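The values are calculated or read from the model by the stated rules, or taken from the named source; none is laboratory data. This one's a predicted model, so the numbers in the text were calculated from it and none came from an experiment. With ideal geometry, Cβ positions are generated from the backbone for all residues, glycine too; neighbour counts draw on all protein chains shown.
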There are 2 protein chains.
Amino acid sequence: MDKDKIDKKDHILDVAERVFADYGFDGASTRTISGEAGVNMAMLNYYFGSKEGLFLAVFERKISSFRTLLQNIGNDDTMTTWGKLEKCIDNYVERIIVNNCFQKLINREVSMNKRWTLTDKITEILMVNVHEIKKIIEEGLNNGSFYSDIDIPLVIATIFGTKNYIINMPQLSSLILGHDIRDEKFMEENLKPRVKTYMKRLLKAYLVNENDNSK
Amino acid sequence: MDKDKIDKKDHILDVAERVFADYGFDGASTRTISGEAGVNMAMLNYYFGSKEGLFLAVFERKISSFRTLLQNIGNDDTMTTWGKLEKCIDNYVERIIVNNCFQKLINREVSMNKRWTLTDKITEILMVNVHEIKKIIEEGLNNGSFYSDIDIPLVIATIFGTKNYIINMPQLSSLILGHDIRDEKFMEENLKPRVKTYMKRLLKAYLVNENDNSK
DNA sequence: TTTGCCTAATCAATCGTTTGATTAATTTTG
DNA sequence: CAAAATTAATCAAACGATTGATTAGGCAAA
């Protein structure tokens, strides 16, 4: 049946996503992926052409999901600029906790100097997210609700960088936070709301002009 | 001559550091490293025992350098807490620009779920830096010059995370900043002072209690 | 001659990929 | 509908290439 075929490809992608995240592109062998997925090795090439094709397929599957989320956040004109950014942060923190293995996968491979076809593709995907955030901050700058001398590119680096630091280095941030961040309960009940609160207060202190008289 | 032997080993380590940073541990082959270093392949095993031994040797060489720099920053009692943090940031930004390929190497390998002997070693090294920053922020919290409800672990995540984001993803941050950050001139004349200014203003807005009457 | 440095050649193991054969499913034809 | 033809899916086996590592031997200095 057609449904089974789709589910099998999806299953392979699920496994590949995790194995790539754990071992890196080079460290993850096609034998390991096919083995853990319970399919014949040749199926990877049959479905995805090559190892790189499989890797890119893992990405392609995520793009639409990312894009639609961000569009919904950015195009809501019923709220203030700062309100948009708040919602953006809340949604982001909510997402990264669930999808952290995919995030690790991204950040590891994009830091390579070589393999340009891959990194270019990844960069392209990430820029969608960046552009959406950038639009919101620029809006706040133009309508006067944000300070006029803020450094937008570096604010973006802080938003994504803080997030990456926590999820990409679980051993290290666990030591800093005093808890194992791979503990689901701690993640959900403590870290999630904590990161939300922190990011919003940090950015508000830097961005929002309280003396704004434009509204 | 003994001097030549040491220089040759150092030369191999220099090359290995760069190649590991560019290709990752798995992606970097011993043939590539020995080839670019201009030595016979067997020399790597002769000097360092194995590929992993070579990898660890690259790290060992850096530890002392890191440690001494941080001690000089943290133990100066002639300045205020905020002044210490300012100096810390300035020194950090100055360093990361020079050593960015080593930083990339660190951040890629520590995000792996496997290879525990390596990640544990790296985590240990990074904690030295973290602890030094943490000490300063706690000092500011105790003497009342910083707000009392700040989230120290997440501030640390922001400091290192923002830095990592810029240097680990040169293609992406180049797009965001509008310039190629691998351009030495732009790096030195624009990005360096810019990141310093930004980080200090960002942290000051979040941390420093202007109504502090303790002094 | 012995010791330490170095090279070329080679090792077994693993890599990603391809092959030819076989089965399952679908479509076409009578 | 049933038989035949075609396509899709799956498999074990093997491919050439490359991996990290080792070997045997040369060569210069002590």
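Points worth noting:
- Output for region A:175-215, where each listed residue is acidic (Asp, Glu) and within 23 Å of B:Arg201 (Cβ to Cβ): A:Glu210, A:Asp212
- Scanning region A:88-117 for residues that are within 12 Å of another protein chain (Cβ to nearest Cβ) and assigned to a helix (DSSP H, G or I) yields A:Val93, A:Asn100, A:Cys101, A:Gln103, A:Lys104, A:Leu105, A:Ile106, A:Asn107, A:Arg108, A:Glu109, A:Val110, A:Trp116.
- Spans of helices (runs of 4 or more DSSP H) in region B:118-213 with at least 1 residues more than 10 Å from chain A (Cβ to nearest Cβ) and farther than 14 Å from A:Leu172 by Cα: B:192-207
- A:Arg95 under 20 Å from A:Leu126 (Cβ atoms), at pLDDT below 90 and either over 21 Å from the mean Cα position of the chain (by Cα) or within 16 Å of DNA strand C (Cβ to nearest atom) (or both): no
- Residue in region A:108-115 that is closer than 22 Å to B:Lys200 by Cα and not hydroxyl-bearing (Ser, Thr, Tyr) present: no
- Residue check for B:Phe186: over 18 Å from the mean Cα position of the chain (by Cα), among the aromatic types (Phe, Trp, Tyr) and more than 25 Å from A:Lys196 (Cβ to Cβ): yes
- Criterion (more than 18 Å from the chain's Cα centre (by Cα), within 16 Å of DNA strand D (Cβ to nearest atom) and buried (at least 18 other Cβ atoms within 10 Å of the Cβ)) met by exactly one of A:Ala42, A:Ala16, A:Ala37: A:Ala37
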